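What follows is calculated from the coordinates using simple rules that are stated; it is not laboratory data. Treat the numbers as computed from the prediction; the structure is a model and nothing was measured. So basically every Cβ, Gly included, is an ideal-geometry build from the backbone, and we count neighbours across all protein chains shown.
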Amino acid sequence: MATTRSRTRNQEVTRSRNGGEETVRTRARSDGVTRERLIELLNEDLQREYQAVIAYVVYSQVLKGAQYMTIAKELELHAGEELAHAIKISRHIDYLGGMPAVTPKPVKTSERAEDMLRFDLEAENMTVREYRERLLQCESQGLYAIAEDIREILVQEQEHQIDLATALGKDVVDAAAPEELV
Ligand SMILES: [Fe+2]
Ligand SMILES: [Fe+2]
């Protein structure tokens, strides 16, 4: 019996021959990423963390208007939390044998406070979606320590969503990507 294993970007295919018969098993994207792909995806998460650090550092200082002073203080706290996330994700990339990324995803800028808060909320929505996926991918590979850290990070990202949605006067459920709740 011969077994060959080949890997593609989003799926792992295992072929086994038994008495001339060949079976092909393809794992779904969410639980079948290769280690190389997982490193790539974690590096994108890391780039989003850098993006968040920069956005929160800048926005917390340039937000103007009495009604935004409370959220400006919250954004300062977010900046520190995002930095801690970046360090954790970098540690796991290194553990997996990858090299942590050194560049952030692009940071949007605006003169308007409402725009800045909306940019942050959109970024947090994306971050939550991606970490939910990453959690499943790590668990499916038996990477429980990484999954545990991502679970803790997710709790904070969802708090960030709530802070931003509240500051924008939006319903939190609507603001936090309702399709995720279906
Ligand atoms: Fe984060
Ligand atoms: Fe966040």
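Computed from the Cβ-Cβ distance with R0 of 22 Å, the FRET efficiency linking residue 110 to residue 172 stands at 0.45. Extension gain, residue 35 to residue 144, is 37.8 nm, computed as 0.36 nm per intervening residue step minus the present C-alpha separation. For the range 123-156, backbone nitrogen atoms closer than 14 Å to the point 7 Å from residue 44 Cα along Cα-to-C-beta are found at 126-135, 137. Across the range 35-42, rounded Karplus estimates of 3J(HN,Hα) from the backbone phi angles (6.51 cos²θ - 1.76 cosθ + 1.60, θ = phi - 60°) give 4, 4, 5, 4, 4, 4, 5, 5 Hz, Gly and Pro being marked x. Approximating the spin labels as points 7 Å out from Cα along Cα→Cβ, the residue 61-to-residue 129 distance works out to 3.1 nm.
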